[in-house]
1. Measure up Lys49/Lys169; Lys198/Lys358; Lys224/Lys358; Lys61/Lys216; Lys216/Lys276; Lys132/Lys224 against 23 Å on the Cα-Cα distance and list the ones that go over.
2. Work through the residues other than Ser47 whose Cβ is under 12 Å from its Cβ and net out their charges, Lys, Arg +1 and Asp, Glu -1.
3. What's the extension gain from Glu303 to Arg327 if we count 0.36 nm per residue and subtract their Cα-Cα distance?
4. Select from Leu321, Leu349, Leu17 the residue whose mean-square fluctuation is largest in a Gaussian network model of the chain (Cα-Cα springs shorter than 10 Å).
5. As a test of the definition: which semi-axes, in Å, follow for the chain when you take the square root of five times each eigenvalue of its alpha carbon gyration tensor? Largest first, please.
6. Tally up the carbon and sulfur contribution to the accessible surface of the chain as a whole percent, 1.4 Å probe, everything protein left in place.
7. With a 1.4 Å probe and every protein chain left in place, work out the accessible area per residue of segment 111-210 in Å², rounded to a whole number.
8. Grab the other residues whose beta carbon is less than 14 angstrom from that of Ser317, score K and R as +1, D and E as -1, and report the net.
Amino acid sequence: MSKLILNNSPALTWTWLRMNKARLEDEFDNSINFTNAEYNILSKPDSIKIIDEKDFTTALKTPLSAVFNKTSELGIQYKEVNENDVSELVSKDTLIIEASKKESDPVVISVKSKGYTASTQIIHALSGSEVKVILVSESESEDGVNLIRTKCFAEADSKIHICKVQLLKNGYYHIDSTENVCGENASVVYTELQLGAKNVITGAYTDLSDYKATYKSNTAYFRKDSQKIDMNYVCCHNHSGKKTECSMSVAGTLKDEATKVYRGTIDFKKGCCGAKGNEIEETLLLSPKAVNRSIPMILCDEEDVEGEHGATIGRLSDDMLFYMQTRGIPKDEAERMISRAKIIDVANLIDHEGTMTKIEEYLDKEAGL
């Protein structure tokens, strides 16, 4: 059985950098027998409906996946995913959440994993509606593989805020795909915290196909010991997506012998006049043995666009350490405080007391922050 290749880069770089793709570890292949995750809906406003698959309809196209899709031979365009390659990794029972009006209270769902677990969700915001969905991945067993795949459909003039919080035990592999498509004047906001699991493969693909569609994402992570994280974020300003905007931000800390790969891509297709895109990545290195690899990319086939990207990688400055030590804060405590602050800064965007409590308890007990 062939091994699964994930997180293909939209544009290929030098092979020796080992950043063009991610591969599942040798003990895993696509013959794994996954069971469905257990959903625990902690809160849900009455206006938000859980609907059957037969009742779900949309004129929006199905968004692609940055995690599962394969690149073409040219390496710069996505093609539709061959579902047969991941058929054993996709749950047949899909949770479909549909919003029909503006709702300030969030839908909060605990996604429980035990062993080899897969789950899929669809979040559908009808025209003119707003919805926030918080998905918290937790585990009952000490190790396993958890796969979560979420598709967001934002119809015209709607807004989806999707929040994913990963709090799995350290023995887990976590594979996380978020796939978004925005209609005219619609927006998707994506807030992501990757805090647990020994190996994380995560990615988001956003299709800005219609006029003035917008996307904004904020990701925070913490890796220690020999933990790994592999990220692939793609925002595509498609052909008819004039005056679309995207902003992607990633911040995290690498400690001990942790490893991180980051791919961030803004793709301006021909015809997306007036589109804007910005991406920024910040990495705090707390060990000379930690491994960081980053590729912020802009692909451009249109002249009338604005694109910015950058990456900041480094250790705490001597000035910062001196300032904190003069106030009685030793180096280890200073590093802990700064690492935790990066996570809390993004967690505050979720703006939900119960979820924040879980995050802080996890940082205290599991992450050591």
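1. Beyond 23 Å: Lys49/Lys169; Lys132/Lys224.
2. -1
3. Taking Glu303 through Arg327 to full extension adds about 3.5 nm, to one decimal.
4. Leu17
5. With the √(5λ) rule applied to the chain, the semi-axes are 30, 24, 22 Å.
6. C and S fraction of accessible area: 47 percent.
7. Here the residues of segment 111-210 average 21 Å² of exposed surface.
8. Once all neighbours under 14 Å are counted, the net charge is -2.
The values are calculated or read from the model by the stated rules, or taken from the named source; none is laboratory data. None of the values given here were measured: they were computed from a predicted structure. All Cβ positions, glycine included, derive from the backbone under ideal geometry; neighbour counts span all protein chains shown. Side chains are part of the model used for accessible areas, which takes the heavy atoms of the whole protein and leaves out ligands, DNA and RNA. Shrake-Rupley method; radii C 1.70, N 1.55, O 1.52, S 1.80 Å.
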